[in-house]
Amino acid sequence: MNTQLKEIAKVWPDMRDILSVPHNEKEYKRLVSLLDNVIDEVGNDESHPLASFMETLGSLIEMYEAQRVPEIEGNPIDSLKTLIEEHDINQSDLPEIGTQGVVSEVLSGKRKLNIRQVKALSKRFNVSPAVFI
């Protein structure tokens, strides 16, 4: 075994739960929670030391969701409108996005959702952040 593999073998027991493909809802939710924390730390900074880790977590989550989580079809605005209707709420009931004016701009397509808003809406409606991207 080469030196690099030996080093990986030393740390793998501690990293296995973080960098493994999720096989059940519990593992999936743990990775989503970890990704949320990494997103809070990294934000939009592509040069951040954890940016590639964030991308790796996103890929692991995406693999799980592709196999097990039904997608809401349509574009992000239509998906948000559908969720608003399904949950019988109105624009003023979405502080995750901002003021009613901001919500109106998002729903009309004048403004795009930012990462914080996507994360908050994902948690509120219990859907993948990909629904809003």
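Readers should treat all values here as calculations from the given coordinates under stated rules, not as data from a laboratory. Because the structure is predicted, anything quoted here is derived from the model rather than measured. So basically every Cβ, Gly included, is an ideal-geometry build from the backbone, and we count neighbours across all protein chains shown.
A few comments on the model shown:
- Over all orientations, region 8-111 has a Cα convex hull whose mean projected area works out to 8.8 square nanometres.
- Per-residue Cβ neighbour rank within 10 angstrom, fewest leading, S52, S47: S47, S52
- Theoretical gain in end-to-end length, E27 to I115 [0.36 nm per residue, Cα-Cα removed]: 29.4 nm
- Taking every alpha-carbon pair under 8 Å whose residues sit at least 6 apart, the chain reaches a relative contact order of 20 percent.
- Cα-projected label distance for K6 with H48, points at 7 Å along beta-carbon direction, nm: 3.5 nm
- Residues S59, S128, arranged from fewest to most other Cβ atoms within 10 angstrom of their Cβ, appear as S59, S128.
- Unsatisfied cross-links (Cα-Cα over 21 Å) in the set K29/K81; K81/K110; K6/K26; K26/K112; K26/K81; K29/K119: K29/K81; K6/K26; K26/K112; K26/K81
- Charge dipole (debye, nearest 20) of the chain; +1 at Cβ of Lys and Arg, -1 at Cβ of Asp and Glu: 220 debye
- The Rg/Rh ratio for region 76-132, using Cα coordinates for both the radius of gyration and the Kirkwood hydrodynamic radius, is 0.90.
- Cα lying deepest toward the dipole's positive end in the chain, options A9, A130, L83, charges on Cβ: A9
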